[in-house]
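A quick write-up on the structure given underneath.
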Amino acid sequence: MRPETAAIHAGHHTDPHTGAVITPLVLSTTFARDENNQLISEFIYSRANNPNRQELEHRLAAIESAEVAVTFSSGLAAAMAILHSLSPGDHLIISPDMYFGVRVQLETLYRRWGLEVSMADMTDLAQVQAAIRPNTRLIWTETPSNPLVKITDLRRIAELAHSIGAVCVCDNTWTPLIQRPLDLGVDLVMYSTTKYIGGHSDLLGGAVIARTDSELMQRIRLFQQIGGAVPSPFECWLMLRSIATLPQRLEAHCRNAMRVAEFLTQHPAIEKVHYAGLPSHPQHRLAASQMSAFGGMLSIELKGGKEAALKTIAGLTLFARATSLGGVESLIEHRATVEAAHANFPDSLLRVSIGLEHPDDLIEDFNKALRELDPH
Ligand SMILES: *Cc1c(COP(=O)(O)O)cnc(C)c1O
């Protein structure tokens, strides 16, 4: 099945009892045995598994052309499941601009737990190579990066990881479907499904996806079932509803983001636009070689510094001033306010999640807010 078809059909069966075309929501936490004490279905207890979660995991694996997906109650719970598959004393390599929540997990939870961490700029293979130690077990990538939209060469990083017997992970939250890390040699794809996969800013979730049911994936599954950070049946049901339209939503997010990025590039109040779809992006060719489109996220730096950045977001009417991304509505945020001491980018930077509004309306909104910066 092609992604558009898998997004609707994979793992789905018309309910045999009622004929319901949409899988019923199964809220029962427990599942009965028959008079011979045999289980009636494959389900026992809903933390271990339930019909809605099973359908969601089939669907997520299918759209990634993978065999296994394990879902969690949030993206950070999915990240923890991956980190917990390591052992105290293991070493991993991360990038300074990875999602800051995972960085905070490593600094606050996993340092005490005995994981060793090195940072390397993933766009510079020599830096990654230099960070390798005898106990390096994992390389964590995220591309395009947050918020500077830097591109990591996934093929080469995966090759490097495999050459030392390490696992390569890609946080693909920004680019489901349009970037397929498993095809490029990456071992584990991680998602905050809260973002594009959920797509409507109304549910939290996470997932880890792999080509085969390896021992590593079994450890991650165990962390899900015994760790207990599982998504509720209703969230799984909603997520499935969202996935049905994911391919079309992504296409529209990408098309709109390109239009807005092109407009902002030529605006005199803007110092820089970070968007990998622009030919002026320093890694545009690499991006084009591993992505089929360039996503709905971009960031801009204002010529007038932090003051102009804050004034711009105050003047916008269609963009909610809020963190997060991937919903149907456009969002904008002054990222340095959110990351505070963790921020390693200019405070003139605004991160934008382009929604599904008409791009001309978004452009007009920016045009008006930017004009107010310099009324002359
Ligand atoms: C939001 C996000 C996460 C964390 O996911 P939650 O669902 O908020 O726990 C991880 N990585 C990226 C790239 C994200 O955008």
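The values are calculated or read from the model by the stated rules, or taken from the named source; none is laboratory data. Everything numeric in this text was worked out from a predicted model, so none of it was measured. No Cβ is skipped: glycine too gets one built from the backbone with ideal geometry, and neighbour counts run over all protein chains shown. We work out accessible area using only protein heavy atoms, side chains counted, and drop any ligands, DNA or RNA first. Shrake-Rupley method; radii C 1.70, N 1.55, O 1.52, S 1.80 Å.
Observations
- Test: residue in the stretch 284-296 that is away from the ligand (no atom under 16 Å from the Cβ), in a loop (DSSP other than H, G, I, E, B), touching a residue at least 24 places away in the same chain (Cβ under 8 Å) and more than 24 Å from residue 64 (Cα to Cα): no
- Some residue of the stretch 256-272 being open to solvent by 40 Å² or more (accessible area, probe 1.4 Å), closer than 30 Å to residue 10 by Cβ and in a helix (DSSP H, G or I): yes
- Residues that are assigned to a helix (DSSP H, G or I) and either modelled with pLDDT under 95 or open to solvent by less than 50 Å² (accessible area, probe 1.4 Å) (or both) within the stretch 236-253 comprise 236, 238, 239, 240, 242, 243, 246, 247, 249, 250, 252, 253, listed in sequence order.
- Inter-residue pairs, beta-carbon under 6 Å, first of a type in the set (Phe, Trp, Tyr) and in the stretch 166-181, second more than 10 Å from the ligand (Cβ to nearest atom), 6+ apart: 174/295
- Scan of the stretch 334-355 for residues that are part of a loop (DSSP other than H, G, I, E, B) and of a type in the set (D, E, K, R), ordered by number: 347
- Matching helices (runs of 4 or more DSSP H) fully within the stretch 1-88 where at least 3 residues are under 27 Å from residue 115 (Cβ atoms): 75-84
- Residues located in the stretch 77-116, provided they are touching a strand residue (DSSP E or B) at 6+ places or on another chain (Cβ under 7 Å) and open to solvent by 60 Å² or more (accessible area, probe 1.4 Å): 99, 116
- Selection within the stretch 122-138 - in a loop (DSSP other than H, G, I, E, B) and open to solvent by 80 Å² or more (accessible area, probe 1.4 Å): 133, 134
- Any hit, the stretch 143-154, residues being charged (D, E, K, R) and within 16 Å of the ligand (Cβ to nearest atom): yes
- Within the stretch 328-348, considering residues that are open to solvent by 30 Å² or more (accessible area, probe 1.4 Å) and among the acidic types (Asp, Glu), the one nearest to residue 361 (Cα to Cα): 329
- Filter result for residue 110 (free of Cβ contacts under 8 Å to residues at least 40 places away in the same chain and within 16 Å of the ligand (Cβ to nearest atom)): yes
- Criterion (within 16 Å of the ligand (Cβ to nearest atom) and modelled with pLDDT of 95 or more) met by exactly one of 94, 44, 63: 94
- Set side by side, the residues 227, 205, 199 differ, and just one is within 15 Å of residue 71 (Cα to Cα), out of contact with any Asp or Glu (no Cβ under 7 Å at 6 or more places or on another chain) and within 15 Å of the ligand (Cβ to nearest atom), which is 227.
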